2 protein chains.
Amino acid sequence: MFSGAQISLYPMTDDFVGVIVNALSALDPYRERLRIETDDISTLIVGTPDIVFAAMRDLFVAAAKTGKHCVLHATISRGCPGEPDDPMCHVPEMTGPLAPIEERKAQALAAVGSIPVAGQPSAAQFSLYTLGIDQHMDEIYGCIDFLKNSGVFDRSKNFCTKLRGDAAPVFATVHEAFVRFGPPQGHVTIDLTVSANSPSKI
Amino acid sequence: MFSGAQISLYPMTDDFVGVIVNALSALDPYRERLRIETDDISTLIVGTPDIVFAAMRDLFVAAAKTGKHCVLHATISRGCPGEPDDPMCHVPEMTGPLAPIEERKAQALAAVGSIPVAGQPSAAQFSLYTLGIDQHMDEIYGCIDFLKNSGVFDRSKNFCTKLRGDAAPVFATVHEAFVRFGPPQGHVTIDLTVSANSPSKI
């Protein structure tokens, strides 16, 4: 299994470099458990999904707390057949057979039910893609069903689902979508956008 | 068939609202052929892939010409089984049987070979997802093979492919990836990021 994300942070301010550089210290507690590579478009973080999502959340919250309109985008992936297996990415959820979908929905709901808040309002949207399987929409619809009960569901949009709420349960909800839906060792990706301090709240 | 994109424009400047509002006039020539809906995270544009890509390109170029660091992100989709068929989205490429992959690679190369430039340097990265089929990596690898010969290939990254060059052939190349790979009536999505004027060119 190989898992990680290509992440980009967009602070809508003349001082975008300063906001990004200051926010990067939020990654420090995770650096030993991640492989990190940066270029001019995105930063790759490779590690277990729980660490990848915690790092993204803390980076986003650190930038958003400046009060500037900030957006984080992430292309998240696990199990891509083109990527090498990496012991750094192994987690129990990503092994064994695919459990019944009702069981996985219940596990996902339990996991997001008691998340401490980050004190940062956010809006997010994401698309979940389960690849290399027939009937991929069964997994998508199962996931949407979980999202509707997650406490941060906002609405269904074309091509994606929109969430709204504190950044901690929002990232936790997307994490659960990522690890609980699609086969444990299957190829699953997420296209995620999280926004804070937008002047056009709708 | 239903096709379109959720697009977001991120100008890294205090005047991000002004840059976005001014760039929006670049959509005017396409408005009659698109359905457009905006919220605080993205703007949905629904139409045929050629019009959707032309509109994204012109919007991005209009913003990038300000000289500010600007990024456009798009979640692009066609043939999602959860979306209604829409006559507004019908194009000949999205009908009929799946042609041999070598034939499609040649068609894609011919289409990007004579694109007039936009005069706007750009860097981009994207992931192509062909859903609901086994052997989805055959389509991905076929597409990567096309990309390497597209004239704007930069390098393969984890989870995505990076392009670099004038914005017009860059958008044209991603358009070809979108319409030529995966079954004509299949569910295909792209997670696209295009950037201009980054201070950290790598």
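Nothing in this text is a laboratory measurement; each read-out follows from the coordinates by a stated rule. Source: prediction; values computed, not measured. So basically every Cβ, Gly included, is an ideal-geometry build from the backbone, and we count neighbours across all protein chains shown.
The calculated FRET efficiency for B:GLN135 paired with A:ASP14, based on their beta-carbon distance and R0 = 56 Å, is about 0.70. For B:LYS157, the shell of other residues with beta-carbons less than 14 Å away shows a net charge of -1, using +1 for Lys and Arg and -1 for Asp and Glu. What shape does chain B have by the C-alpha gyration tensor, where a ≥ b ≥ c are the square roots of the eigenvalues, rounded means a/c under 1.5, and otherwise prolate means a/b greater than b/c and oblate the rest? Oblate. Of the residues B:ARG31, B:ARG78, B:ARG57, the one that moves most in a GNM of chain B with alpha-carbon contacts below 10 Å is B:ARG31.
Can you return the lysines within cross-link range of B:LYS148? Criterion is Cα-Cα under 24 Å, with same-chain partners fewer than 8 residues away left out. Within the straight-line limit of under 24 Å, B:LYS148 reaches these lysines: B:LYS105, B:LYS157, B:LYS162, B:LYS201.
A Gaussian network model of chain B, with springs between Cα atoms under 10 Å, assigns the largest mean-square fluctuation among B:ALA111, B:ALA55, B:ALA63 to B:ALA111. Note on chain B: GNM, Cα springs under 10 Å; of B:ILE133, B:ILE144, B:ILE190, the largest mean-square fluctuation is that of B:ILE133. Between copies, the label points at B:ASP85 (set 7 angstrom from Cα along Cα-to-Cβ) are spaced 4.5 nm, reported in nanometres from shortest to longest. Put a dot 7 Å past the Cα of B:ASP145, heading toward its Cβ, do the same for B:ASP28, and the two dots end up 4.5 nm apart.
Taking a ≥ b ≥ c as the square roots of the eigenvalues of the alpha carbon gyration tensor, the stretch B:68-111 is oblate, as a/c is not under 1.5 and a/b does not beat b/c. Net charge near A:ASP14: determine it from the other residues with C-beta under 14 Å of the C-beta of A:ASP14, scoring Lys and Arg +1 and Asp and Glu -1. Once positives and negatives cancel, what remains is -1.
Using a/c under 1.5 as the rounded threshold, could you call the protein assembly as shown rounded, prolate or oblate? The axes a ≥ b ≥ c are square roots of the C-alpha gyration tensor eigenvalues, and prolate needs a/b larger than b/c, oblate otherwise. Taking the square roots of the gyration eigenvalues as a ≥ b ≥ c, the protein assembly as shown is rounded. What the Cβ-Cβ distance of A:GLU102 and A:GLN185 gives, at R0 = 22 Å and to the nearest 0.05, is a FRET efficiency of 0.60. Mean residue ellipticity, 222 nm, helices only, chain A: the sum of -39500 (n - 2.57) across DSSP H runs of n ≥ 4, divided by residue count and rounded to 500, is -10000 deg cm²/dmol. Shielding by partners for peptide B:190-196, expressed as the average number of C-beta atoms from other protein chains within 10 Å of each residue's C-beta, is 4.
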